[in-house]
Every structure is written in C-alpha cells, then in structure tokens.
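Notes follow once the structure below has been shown.
The values are calculated or read from the model by the stated rules, or taken from the named source; none is laboratory data. Values in this document were obtained by computation on a predicted structure and should not be read as measured data. Cβ atoms come from the backbone with ideal geometry, glycine included; neighbour counts cover every protein chain shown.
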Amino acid sequence: MRSHYCGQLNESLVDQQVTLCGWVHRRRDHGGVIFLDLRDRDGIAQVVVDPDTAQAFATADRARNEYVLRIQGRVRLRPEGTENPNMPTGMIEVLAKDVEVLNSAATPPFQLDEHGKVGEEVRLKHRYIDLRRPEMIEKLRLRSRISHQVRAFLEKEGFLDIETPILTRATPEGARDYLVPSRTYPGSFFALPQSPQLFKQLLMVSGFDRYYQIAKCFRDEDLRADRQPEFTQIDIEASFIDEDAIMGITEAMIRNLFQDVLDINLPEFPRMPYAEAMSRFGSDKPDLRIPLELTDIDDLMKDVDFKVFSGPANAEDGRVAALKVPGGAKLSRKEIDEYTKFVGIYGARGLAWIKVNERAKGLEGLQSPIVKFMEGVIEELLDRVEAKDGDIIFFGADKTRIVDEALGALRVKLGADLDLYTQAWAPLWVVDFPMFEPDDKGGLTPLHHPFTAPSCDIDTLKADPAKALSRAYDMVLNGTELGGGSIRIHDQAMQREVFEVLGIGEAEAQEKFGFLLDALKFGAPPHGGLAFGLDRLVMLMTGANTIREVIAFPKTQSAACLMTDAPGEASAEQLKELNIRLRQKAKPEAGGE
C-alpha cells in the first residue's frame, strides 16, 4: 500500500514517484494551494496539492487533522527559501497526484502539538492518540532498540532466552501478589510472578547455566513515579560464577548499551559498601552527580543543652547528621520553610539550620535559632563540615532511619533545585548489603529476598543473623537503582537456616518451597544473577520523567487503566463458575449518610 515511510524521504528520491500512508498532522491552505503535513511512525513529510489535480485537491480540501490518507506523488526539492533545516525531510516535498481518504477522524480530544497543556488523565484515557506524538514514538522506538541490543549482547555471551511460567504459586509476600482463581481447582489460586526468581534458579539446577529473559512481572503495591503494577525485567542468571564475574558481564552490557544506542561512554563504576552509602548519602542508591554529603556529628551533640539533638545523639538507634550546602546561605526563609515541609514527608519533625554569613565573626557571623545551644561545640562543628562564608548547614536529628531518609531525600532535592550536578552520568555498584533488617513485629525480614546467599558460614549466621552481610549487589545510575542481584543459596542446609532465621518453620518451608529445597539436594551448582528494570532503564536513557512515558499502555499511579476502564467487575456467572462470593458492603444505618 505504501512505497516509503514519510521520514525516509530525502533529496536522493527527487523526481521519483512515491506512495505514502499516514495521518494528517496539519493542513494549511495557502492561496489556493493546500499543504498537508503527513505523519507516520518515521516522521513527517510535506505534501503539496494544487488545483490542477482537481480530484486530489477536492479530497485534500475536506481532509482534517488525523484523517488517514494514502497519497501518491512525485518528490521534488522545495522552492528556494522555503526549506526547513529543522526537519529531516525539510529539503523536499511531495507534489500529490492522487489523494485517497482511507478513514476520516473525529476531532481529537487534544492536538498532538499541544499535549503539554493536557492533563495526563486525558492522555492516558486516549492513549492511542497520545502514542501518535513523535516524542512518544521515539521513546518506544528507543525501547525496542534497547531490547534488541540487550538480546544481542547476552546471546553473544552464551545466554539462552528461556520463558518461565506466568501462572505460578503465591510467594511469602502474598499480600503483594496478584491472585488468579482456578476454575478447575475450586478455592485454589495461581499468582502472577513478582519475578522469575525460583524458576531461574531451577534452570540453573537443570544445567542451563546461562539464562536470560525479558520478563513481565507483577506486583500489587502502592505506586510511585518509577513503579507500575506490571513491569518488565531484563532477567539474568548464570552458574559457576561469582560476584565479580556477573557484575562484570552486566556492567559490560550496560556500557555497550549506552555506547551503541546513545553514543555515551559511561565513566568508571566504583563499588561502595551499603554502610558507607547510608552514612555518606542517606541512601542505598546515591546520586553521585551531587557533591553533597552527610556528616555525622553525634559525638559533638551528646552534651549540648538541646534535647532535640542530645536525645538522638545518645540513643542507640539515633543519629545526628549535618548536610552542608556550599553557597546555600542565599536561600530565603520561605525556601527553607518549603524544605522543612519536604523532609516532613519522610517523618522528620523539623529541619534545623545554620547560615554561615561571616565565620570570622564567630557566633555573630552565624544566623540560626539554634546557635545559642551550641556555643561550646560550634567551632568544631564548622571545622568538621568545612564550612565557609555563604554556606548553609542543615541538620537531621532523630532515629537513624528517619535521618537517613529525610536528609538523603533533601540532598537529592537540593541537587536538582540548585543545579549542583557535576557530571551527566554517575554509575556505581552498591555492595555488602545486610542480609536482614528488622520488621515491625520484632523479627527479621530479608533486605533483598530469602534466596540471597550470606557472605558467612552457617554457624556465623546462627550466632548473630542481624549482623550478617549478603552477597548482594545493586547497580545504581544517577540515583536510580537500575538493577539488583545476588549470588544465590545453592546449599539446602543454608537455605533451611535462612528460612529459620525468618521464622519460616520446616513445615511451612516444605509447603511453600518444597520443590526448591528438593532441587537443591540434587546437585545445585553455585549460581547468581541480576535483574534490571527495563522500564527504568528506558526512562533514564530517554530523559523521561516517569516510566509511564516509556510504556505503551501504562496504568495510573492508582493501578488503573483509564483507557479500558480496568480493573472492572466480573459478572455473577463468572464468579459462580470460579466459586467466588464477594463480600457485601455494609449498608448504612437508618438515618445515617
């Protein structure tokens, strides 16, 4: 039906006959000559229709934006002075001989070149129109290219593309699973996988020592800008491998990807222990483009006459930290108040600060409501953070978790607000994660997942599991976790011990993971892997603000699809066939609202 895509036209095709198919991007009538900008997935071509071709002119005259047309004509150079160097096809145009309307179009709910004025809900409701925008086409085209490059790299490295089941068994974090009722097993449910974790480990036991999959995963949880209920992972696993080897392969893959797709040579990937990342940056995925760091000052604050600081400084689970912002003294009180509200999101009860106006004047050169409480330690404090005139120092004092989250997030926000970035790309590996972290019930929960291998032996793990480190590693880029992985447990005794630490008894472990425990006793090799979030990766590489911009048909932040109105209700017949009875909502009492 077509001979060329619109974006393929150039000077080499001058005087050739072409057939184009696409949508009317814009129609202009200039003194009896009609200009149509015809758009397809490859670009836009200018079509000229003059009155000499009466039938084509009449058809073009009634065409409107988003009409679907088929146009036959001759490529010619644009008249001198009318070229458009900003368009790939800006040196040529098509003189139409025949214009055919393949389909008319109603007036769209928004113009494609005015999408910025339209709310995201409208765009998602009419996503099929939103996807016609050249910006969206380019993002999805780049996503396709990234997937292709990943496959090519991994297959060259000897990895096999193997699919794993979508219908599986619920995981220990069952509250986050999407459950699928079974019609043939009344009262039983499948679960959609949060990841292919157990199946890829079983593939290692099976002898497929290098596996990969671009896999759909599902998680029923609260959403953020970089989360979706269904998302895509680049899933990788290999046998007879250690941390250095799997990190080397995946780092090379990401380097290759950036070089081939964006022509960017990523800088060195430093390795940073988890404890150092939390201490210096308050985050396990620090953005190293921002030259701000947290400084511990607990020792200085233990004896000050200011309980807001001395309390956490003397508490076992407390922390007092300072964040110096060079040149930050220019921030207004209103701006500081906004930052105070911001850290409140992370549980901080306030945001103390000191402006260093003129350090040589001592206390008189400092501006802050808290300076009077710190006379005996102020000089040592200023020395420790290397304060200079014009700086501002922010403070966090609370439980360690709250201080880390609040100041860590403030650091990132200040970096963006004040444009403190020192480089375009800053990758790193975060390593030496704790095996476990405390849960709300006084027990322990895995920091990654319960199949991650500890870096110690069984006896050491039994003696003090809370202090055990794992053989896990995360790749971080510009403050975003691109992927996480670990060396897995391949010994049945160690796996049972980890389950024991997590409060999963032998009976429960056998019920939920019996197939894995059985497999581990039949010669499981040492193995490990890593999973990248494809959506996050594409978001970073395209400069998009959210992953919704790089997914063809995303859900909203409330996990709904505005276009198809999903999730929807099931009919009574469907529920009966699945042996499901819905709990009825309580009726309001008489006289109530």
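Candidates are the residues of segment 460-469 that are surrounded by 13 or more Cβ atoms within 10 Å (Cβ to Cβ) and in contact with a Leu (Cβ under 7 Å, 6 or more places away or on another chain); the one that is farthest from Arg411 (Cα to Cα) is Pro465.
Within segment 47-67, residues that are more than 25 Å from Pro108 (Cβ to Cβ) and in the same structural domain as Val14 (by TED's automatic domain parsing) have Cβ atoms under 9 Å from residues that are of a type in the set (Phe, Trp, Tyr) and at pLDDT 95 or above in these pairs: Asp50/Phe57; Pro51/Phe57, counting only partners at least 6 apart in sequence or on another chain. Filtering segment 439-479 to residues that are at pLDDT 95 or above and part of a strand (DSSP E or B) leaves Thr452, Pro454, Leu469, Ser470, Ala472, Tyr473, Asp474, Met475, Val476, Leu477.
Answer yes or no as to whether Lys388 is over 30 Å from Tyr473 (Cβ atoms) and modelled with pLDDT of 95 or more.
Against the criterion (over 30 Å from Tyr473 (Cβ atoms) and modelled with pLDDT of 95 or more), Lys388 qualifies.
Could you go through segment 325-346 and let me know if any residue there is among the polar types (S, T, N, Q), in contact with an Asp or Glu (Cβ under 8 Å, 6 or more places away or on another chain) and within 23 Å of Gly415 (Cα to Cα).
No, segment 325-346 contains no residue that is among the polar types (S, T, N, Q), in contact with an Asp or Glu (Cβ under 8 Å, 6 or more places away or on another chain) and within 23 Å of Gly415 (Cα to Cα).
Considering segment 272-372, the qualifying helices (runs of 4 or more DSSP H), each wholly inside and each with 1 or more residues that are outside the structural domain of Ala409 (by TED's automatic domain parsing) and among the hydroxyl-bearing types (Ser, Thr, Tyr), run over 274-281. If you go through segment 221-251 and keep only what is small (Gly, Ala, Ser) and under 21 Å from Arg289 (Cα atoms), you end up with just Ala225.
All conditions but one from (1) surrounded by fewer than 20 Cβ atoms within 10 Å (Cβ to Cβ); (2) part of a helix (DSSP H, G or I) apply to Val180; the one that does not is (2).
Filter segment 60-113 for residues that are assigned to a loop (DSSP other than H, G, I, E, B) and among the polar types (S, T, N, Q); which is surrounded by the fewest Cβ atoms within 10 Å (Cβ to Cβ)? Reasoning before the result, please.
First, pick out the residues of segment 60-113 that are assigned to a loop (DSSP other than H, G, I, E, B): 63-67, 78-91, 104-111.
In the following step, the residues that additionally are among the polar types (S, T, N, Q) were identified as 65, 82, 84, 86, 89, 104, 107, 111.
Details: Asn65: 16, Thr82: 11, Asn84: 13, Asn86: 6, Thr89: 23, Ser104: 11, Thr107: 9, Gln111: 15.
Ranking the qualifying residues of segment 60-113, first place goes to Asn86.
Residues in segment 435-472 that are of a type in the set (A, V, I, L, M, F, W, C) and more than 31 Å from the chain's Cα centre (by Cα): Cys456, Ile458, Leu461, Ala463. Here Lys330 qualifies as within 25 Å of Leu418 (Cβ to Cβ), surrounded by fewer than 16 Cβ atoms within 10 Å (Cβ to Cβ) and in contact (Cβ under 8 Å) with a residue 12 or more places away in the chain.
Given the options Leu124, Leu160, Leu102, name the one that is closer than 28 Å to Leu36 by Cβ and of a type in the set (A, V, I, L, M).
Details: Leu124 fails: closer than 28 Å to Leu36 by Cβ; Leu160 fails: closer than 28 Å to Leu36 by Cβ.
One residue alone meets the criteria, Leu102.
Apart from one condition, Asp389 fits all of (1) surrounded by fewer than 19 Cβ atoms within 10 Å (Cβ to Cβ); (2) out of contact with any Lys or Arg (no Cβ under 7 Å at 6 or more places or on another chain); (3) over 30 Å from Ile249 (Cα atoms); the exception is (2).
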